[in-house]
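The structure appears below as structure tokens.
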Amino acid sequence: MSDCPVLVEMRGIVKRYPGVVANDHVDFTLCSGEIHGLLGENGAGKTTLMSILYGSVKPDAGTILVGGSEYKPRSPRDALKRGIVMVHQHFKLVETLTVLDNIVLAARGAGLGYSRAELRERLARVSERYGLYVDPDARVWQLSASEKQKVELARALVLDARILILDEPTTVLAPSEVEGLFDLIRAMKRDGRSIVFITHRLGEALAVCDRITVLRKGRVAGVIDLSRERATPTMLTRIMFGEEPPPPPVRRERRRGRRVLLVEDLWVRGNRGHWAVRAVSFNLFEGEILGIAGVAGNGQLELVEAIVGLRRPERGRILIDGFDATGASARVLVDEGVAYIPEDRVGMGVVPGLTVAENTVLRGYWRRGFYERGVIRWPAVERHAERIVKEFDVKVGSVSFPVETLSGGNIQRLIVGREISLGPRILVAYNPTSGLDARAAAFIRRELAAMADEGAAIILVSEDLDEILMLSDRVGVMYKGVLLGPLTREEASREKVGYMMATGTGV
Amino acid sequence: MRLKPSDRLATTLALTASLSVALLVFAAILGTHGYSVTGFARVVSSGFWPPENLSWRLSSIFINSLPVLFPALGLIVAFRMGFWNIGAEGQLLVGMAAATWVGVFLADRLPGASVLPAMVVAAFVAGALWAAGPALLRVWLGVNEVLTTLMLNYVAVHLVNYLVEYRWKDPRGFGFIRTPPLHESARIGAAEGAVLVVLAAGLVYFMLRYTQLGFELRIIGSSPKAARYAGISYAKVTLLAMLISGGLAGLGGMSVVAGLTGELMEAQRMSPGYGYTGIIAAWLGRLHPAAVVAASLFLGLIYERQSVLQATMRLGVGYTMLFNGLLLFAAISSTYLEKRLREAGRLG
């Protein structure tokens, strides 16, 4: 198929999970010194395929050759011996240890005989060579998501990985940081390393890859050699979905109503005690979507958590329709009509061990209809859950199954359904579509648009600039705890907002 | 809470397998120490056989299970929210002291029918207050509850010993360290015990399944972050859960003095560690009220047979504790086995 020097050859890989075939006789080749994109919707089997190569998932059938010899990893340790490292979407770092400790730990685990001092030295050299500056003595929990990613990459390089598998590495990055990652990937390629770049974003795959393998529903839908053929996003979309992509959201009305939220001179501290939000003031009106863009870690989370009652502001006021909601609890705010779609779906948005039905009243179990005469009315809760499951197309066998059996996209549908069913005046959504496949993302964007059309006020915090520009009526940018703007829809061009995100100026 | 049939099968298989291993290990230890394993089995099964006087023996087993059963029910409440109450023993001892005080010194001044309710209230309140301390320290200052609850057990031992030796000692007791006997109206039998068990187990079940508090503590137990998102007050739930947990342990103490001994003696002679055995029963029953009752009855059988084992085989109380320890080991390790079985079930 290709005349490049083949480094990894996976043949006829099959992996079944209950109810789904994650990989259905997948063939995959990785050439030495290439950047190979693995493209597909969520649930297409990309991560499973690479986890098999990485030794963390055992295939049901198929063979793998690495460098021409047979390779049957029993664990990631075997993978590391062949120079294969995977950087996961959810980082595998020990939060309470320092950066260097994490690297020492990995080196010991891999049976590499480097001393601590040698590893420190190697880390410094890797940092120098690739511009991956990380403080070896910083504790991991103090780092932002993009810094943690740098730590993972640096660790892979210190351990001299020849094959790097990057699982959706751009989801934690701001648009301006993505180019930096691509430069890094290209630099690694120049040094003869091979990279598998897992993504569901077409543009990124086209920007950086030499070849692309597209997976659809567990099968290879196509392999494109970009050095030989021209590929367009439309063409890739068709291969990915096998049909036309889902329609974009439409705002029918853009009519601004009464003011429902006033935030005045708000100061909020972050987890490390620093001022995460500084003197933020803004208004929010009925029927509008206020987009808040910004690189992760610039105070968006703290601002939003103060508004929804998860974090107590130190100074300032939050007024909802005249009600002083400053420092009110999340439960009071739910009753005041403030819904919240948190970023951390599995950790915060649901209780994985409880049933789907129980999760649909996680916020609202105290309300009439569910709770009467001192007793939670489970039959009423179950009917409510069945409505949400049906209306928001949550795929689950029964509402009495635990939520942990649901996929990420279905969990998000459940959360969105629950929050919308609260009948909110104000809906706060934080990265509501990150990591979701195009279909689920489009569904959620359409729901948000429809909510605004019906008069709800929406705050949309997103690291996906396209999403912000697509949906918002006004766009603000969070930069080092300060809210810039908001700009009107007309003023907010991609370039202008991107510049504000990167520099904090340009209003 | 509700399991799919295949998962329930996995639970049963895992528990059966690990309990069998525990029994085999115990049998092996008995054998190597020169005891007859069949003799042990005969004595334990003689709780049910031959059928003469069976109802008397069954009620004796039942009463012997109460000091484990009540703390175990209470521990369900604390453990379900992930609050590691290791202090059921201390809560049981102070409940026992409070019940003694009512049963010995207050009973003749109270109308007969109100003595038992007064003892129940006193024992519950005492156990609840003993548990409230660690709960408040945790909520206010973030003090680890494992340490505080455990340490308070030792304090409770000395408190009981102090009371019985210096305050409540029977002047006509020939110098024995014990209180005067409980008033006749302050004693309980199997019937009163059964009423209390049904009430307590029913309330725990109802509380967990149907009340806001129960739902909230299950949410906290699964995901503290989601609990914050739901606007649940960790402080309020912790305090209420510990009041219930400690109160039920206190009832266990009352069942010792009112059901078994009829008088208060030094702590070491009152409890062989019922509160700790309650932890075993709670895990054996997988924190489900009905199953915990069943596990407690089984442990009650062992306790009830203890005196017979001692008399006929010279098997010391240490072996009972060893047996209980093996059971806990089995109960905890079975969760791992269960997980593997479930995964296998899902794949197959």
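The values are calculated or read from the model by the stated rules, or taken from the named source; none is laboratory data. All values derive from a computational prediction rather than experimental measurement. When we count neighbours, we look across all protein chains shown, and the Cβ atoms used for this are built from the backbone with ideal geometry, even at glycine. Just the protein is used for accessible areas: all its heavy atoms, side chains included, with ligands, DNA and RNA removed. Shrake-Rupley method; radii C 1.70, N 1.55, O 1.52, S 1.80 Å.
Considering only residues in region A:480-499 that are in a helix (DSSP H, G or I) and in contact (Cβ under 8 Å) with a residue 24 or more places away in the chain, the one that is surrounded by the fewest Cβ atoms within 10 Å (Cβ to Cβ) turns out to be A:494. Among the listed residues B:285, B:252, B:259, identify the single one that is within 11 Å of the chain's Cα centre (by Cα) and either open to solvent by 10 Å² or more (accessible area, probe 1.4 Å) or under 30 Å from residue B:18 (Cβ atoms) (or both). Among B:285, B:252, B:259, only B:252 is within 11 Å of the chain's Cα centre (by Cα) and either open to solvent by 10 Å² or more (accessible area, probe 1.4 Å) or under 30 Å from residue B:18 (Cβ atoms) (or both).
Close contacts from region A:171-192, counting a first residue that is open to solvent by 40 Å² or more (accessible area, probe 1.4 Å) and a second that is part of a helix (DSSP H, G or I) and among the aliphatic types (A, V, I, L, M), with Cβ to Cβ under 8 Å and a gap of 6+ residues or different chains, come to A:175/A:465; A:175/A:501; A:176/A:501; A:176/A:502; A:186/A:208.
Let me confirm something: among A:419, A:382, which residue is within 12 Å of another protein chain (Cβ to nearest Cβ), open to solvent by 40 Å² or more (accessible area, probe 1.4 Å) and more than 19 Å from the chain's Cα centre (by Cα)? Quick ask: steps written out before the conclusion?
Working: A:419 fails: open to solvent by 40 Å² or more (accessible area, probe 1.4 Å).
Going through A:419, A:382 in turn, the sole match is A:382.
Taken together, B:225, B:236 contain a single residue that is more than 8 Å from chain A (Cβ to nearest Cβ), basic (Lys, Arg), surrounded by fewer than 21 Cβ atoms within 10 Å (Cβ to Cβ) and out of contact with any Phe, Trp or Tyr (no Cβ under 9 Å at 6 or more places or on another chain), which is B:236. The residues of region A:252-274 that are at pLDDT below 85 and touching a strand residue (DSSP E or B) at 6+ places or on another chain (Cβ under 8 Å) amount to a single one, A:256. Of all residues assigned to region B:316-332, none qualifies as being touching a Phe, Trp or Tyr at 6+ places or on another chain (Cβ under 9 Å) and without any contact (Cβ under 8 Å) to a residue 12 or more places away in the chain. Restricting the search to helices (runs of 4 or more DSSP H) fully inside region B:1-82 and requiring at least 1 residues that are closer than 30 Å to residue B:227 by Cβ, open to solvent by 50 Å² or more (accessible area, probe 1.4 Å) and within 14 Å of chain A (Cβ to nearest Cβ) gives B:5-32. Looking at residue A:477, is it of a type in the set (A, V, I, L, M), surrounded by fewer than 19 Cβ atoms within 10 Å (Cβ to Cβ) and touching a strand residue (DSSP E or B) at 6+ places or on another chain (Cβ under 8 Å)? So residue A:477 does not fit the description; no. Residue A:252 meets each of the listed conditions (1) more than 19 Å from residue A:475 (Cβ to Cβ); (2) open to solvent by less than 10 Å² (accessible area, probe 1.4 Å); (3) charged (D, E, K, R) apart from (2).
Let's see how each residue does on (1) touching a residue at least 40 places away in the same chain (Cβ under 8 Å); (2) not assigned by TED's automatic domain parsing to the domain that holds residue A:37:
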position: A:213; (1), (2): yes, no
position: A:217; (1), (2): yes, no
position: A:225; (1), (2): yes, no
position: A:231; (1), (2): no, no
position: A:271; (1), (2): no, yes
position: A:281; (1), (2): yes, yes
position: A:285; (1), (2): yes, yes
position: A:290; (1), (2): yes, yes
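List the pairs whose first member sits in region A:253-266 and is touching a residue at least 40 places away in the same chain (Cβ under 8 Å) and assigned by TED's automatic domain parsing to the domain that holds residue A:484, whose second member is among the small types (Gly, Ala, Ser) and open to solvent by 40 Å² or more (accessible area, probe 1.4 Å), and whose Cβ atoms are under 8 Å apart, counting only residues at least 6 apart or on separate chains? Close Cβ pairs satisfying both conditions: A:263/A:281; A:264/A:281; A:265/A:279; A:265/A:281; A:266/A:279; A:266/A:281.
If I filter region B:336-343 for residues that are assigned to a helix (DSSP H, G or I), surrounded by 17 or more Cβ atoms within 10 Å (Cβ to Cβ), under 22 Å from the mean Cα position of the chain (by Cα) and at pLDDT 85 or above, do I get at least one hit?
Of the residues in region B:336-343, the ones assigned to a helix (DSSP H, G or I) are B:336-343.
Restricting the remaining residues to those that are surrounded by 17 or more Cβ atoms within 10 Å (Cβ to Cβ) gives B:337-338, B:341-342.
Next cut, under 22 Å from the mean Cα position of the chain (by Cα) only: none.
No, there is no match, as no residue in region B:336-343 is assigned to a helix (DSSP H, G or I), surrounded by 17 or more Cβ atoms within 10 Å (Cβ to Cβ), under 22 Å from the mean Cα position of the chain (by Cα) and at pLDDT 85 or above.
Kindly indicate whether residue B:208 is within 14 Å of another protein chain (Cβ to nearest Cβ), modelled with pLDDT of 95 or more and within 27 Å of residue B:93 (Cβ to Cβ). Here the answer is yes, as residue B:208 does meet what is asked. Summed over region A:109-128, residues that are more than 23 Å from residue A:52 (Cβ to Cβ) and in a helix (DSSP H, G or I) total 13.
Among the residues of region A:333-360, those identified as crowded, with 24+ Cβ neighbours inside 10 Å and free of Cβ contacts under 8 Å to residues at least 40 places away in the same chain are A:333, A:358.
To keep it simple, each residue is scored yes or no on (1) away from chain A (no Cβ under 14 Å); (2) of a type outside the set (Lys, Arg); (3) under 30 Å from residue B:104 (Cβ atoms).
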| site | (1), (2), (3) |
| --- | --- |
| B:213 | no, yes, no |
| B:232 | no, yes, no |
| B:240 | yes, yes, no |
| B:256 | yes, yes, yes |
| B:269 | yes, no, yes |
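For region A:1-108, which fully contained strands (runs of 3 or more DSSP E) count at least 3 residues that are within 27 Å of the chain's Cα centre (by Cα) and within 14 Å of another protein chain (Cβ to nearest Cβ)? It would help to see each step written out before you state the result.
Numbers: elements: A:6-17, A:20-31, A:35-39, A:61-66, A:84-87.
Hits in region A:1-108: A:6-17, A:20-31.
Each row is one residue, and each column tells you yes or no for (1) touching a residue at least 40 places away in the same chain (Cβ under 8 Å); (2) surrounded by fewer than 23 Cβ atoms within 10 Å (Cβ to Cβ).
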| residue | (1), (2) |
| --- | --- |
| A:432 | yes, no |
| A:442 | yes, yes |
| A:448 | yes, no |
| A:452 | yes, no |
| A:457 | yes, no |
| A:462 | yes, no |
| A:466 | no, yes |
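For region A:317-374, which positions are part of a loop (DSSP other than H, G, I, E, B), at the interface with chain B (Cβ under 8 Å from one of its Cβ atoms) and small (Gly, Ala, Ser)?
Taking region A:317-374 as the starting set, the residues that turn out to be part of a loop (DSSP other than H, G, I, E, B) are A:321-322, A:325-329, A:336-337, A:342-344, A:350-354, A:361-370, A:373-374.
Checking which are at the interface with chain B (Cβ under 8 Å from one of its Cβ atoms) leaves us with A:329, A:342, A:344, A:350-354, A:362-363, A:365-366, A:374.
Selection gives A:329, A:353, A:374.
With away from chain B (no Cβ under 14 Å), surrounded by 23 or more Cβ atoms within 10 Å (Cβ to Cβ), in contact with a Phe, Trp or Tyr (Cβ under 7 Å, 6 or more places away or on another chain) and modelled with pLDDT of 95 or more as the only criterion, which of A:304, A:308, A:277 stands out?
Values: A:304 fails: away from chain B (no Cβ under 14 Å); A:308 fails: away from chain B (no Cβ under 14 Å).
Of A:304, A:308, A:277, the one residue that is away from chain B (no Cβ under 14 Å), surrounded by 23 or more Cβ atoms within 10 Å (Cβ to Cβ), in contact with a Phe, Trp or Tyr (Cβ under 7 Å, 6 or more places away or on another chain) and modelled with pLDDT of 95 or more is A:277.
Look at (1) more than 13 Å from chain B (Cβ to nearest Cβ); (2) under 26 Å from the mean Cα position of the chain (by Cα); (3) under 17 Å from residue A:460 (Cβ atoms); (4) open to solvent by 30 Å² or more (accessible area, probe 1.4 Å) and you find that residue A:436 fails only one, number (4). If the condition is being touching a helix residue (DSSP H, G or I) at 6+ places or on another chain (Cβ under 7 Å) and open to solvent by 10 Å² or more (accessible area, probe 1.4 Å), then region A:209-225 contributes A:216, A:221, A:222.
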